[in-house]
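First the structure, in the form of structure tokens, and then the observations on it.
Read the figures in this text as sums done on the coordinates, not as results from a lab. Since this is a predicted model, take the numbers as computed values, not measurements. No Cβ is skipped: glycine too gets one built from the backbone with ideal geometry, and neighbour counts run over all protein chains shown.
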Amino acid sequence: MSDVAGQDDEAGILDGVGRDCIRGPRERADKMIVADASLEVTDPTVDSQIVTLKASAGDTLFICSSAKPAAQAIRKVGDVDWHPLQFVGNPAASVGTVMRPAWLEKSDPTDSHWRSDPGLKEWLDFMKQYDPEGDRTDLYNVYPYATAQTLVQVLKQCADDLTRENLMGQAASLKSLELSILIPGIRISTGPNDYSPV
């Protein structure tokens, strides 16, 4: 496993985007990580980082950065004929600002495998009815839909007690909630000391 992680330096470069994004994989699979590479906001490209990561023989790439370096990374991965499984962190998971500039043919953001998925069909119907001009390839048209589904579950758990205390308690007690728009098997769980749902 490899990652391109934008890391904070003493000046707060990249605002911790990379550090926060890569925390989950590091906590769960640190021994599987064979290489990583950081970037600075002053780096003109991430070409050298990608070349270094390719040499690690990693088969999975986590790109945890803002949009511009993520687009550069995806493009360079294609240029050097490297074919790892790629994960792009939320700050850069946009077709318009990352995938198109990186070359769509090198990033495949609209995997045809999901075209018959009931959850995707449900979301597409929602978009057709409520936002017909909305970009179907933009993460920021999916995220609020998933957030709304989560809120509906929290309100159901609240029943008739809609006090702030109960609402917050229910939001912090989601157990293996499956949303139709998420990939099957990904579940939302929260707890009194764990507010990170996915």
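Tabulated results
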read-out: Modelled FRET efficiency - R0 25 Å, Ser176 with Leu151, Cβ distances, 0.05 increments; value: 0.90
read-out: Under 27 Å from the Cα of Lys156 - lysines, other chains or at least 8 residues apart; value: Lys121, Lys128, Lys175
read-out: Partners for Lys68 among lysines (Cα-Cα distance below 25 Å; same-chain residues under 8 apart left out); value: Lys54, Lys76, Lys106
read-out: Rounded Å value of the spacing that divides the Cα centres of the stretch 160-198 and the stretch 19-81; value: 31 Å
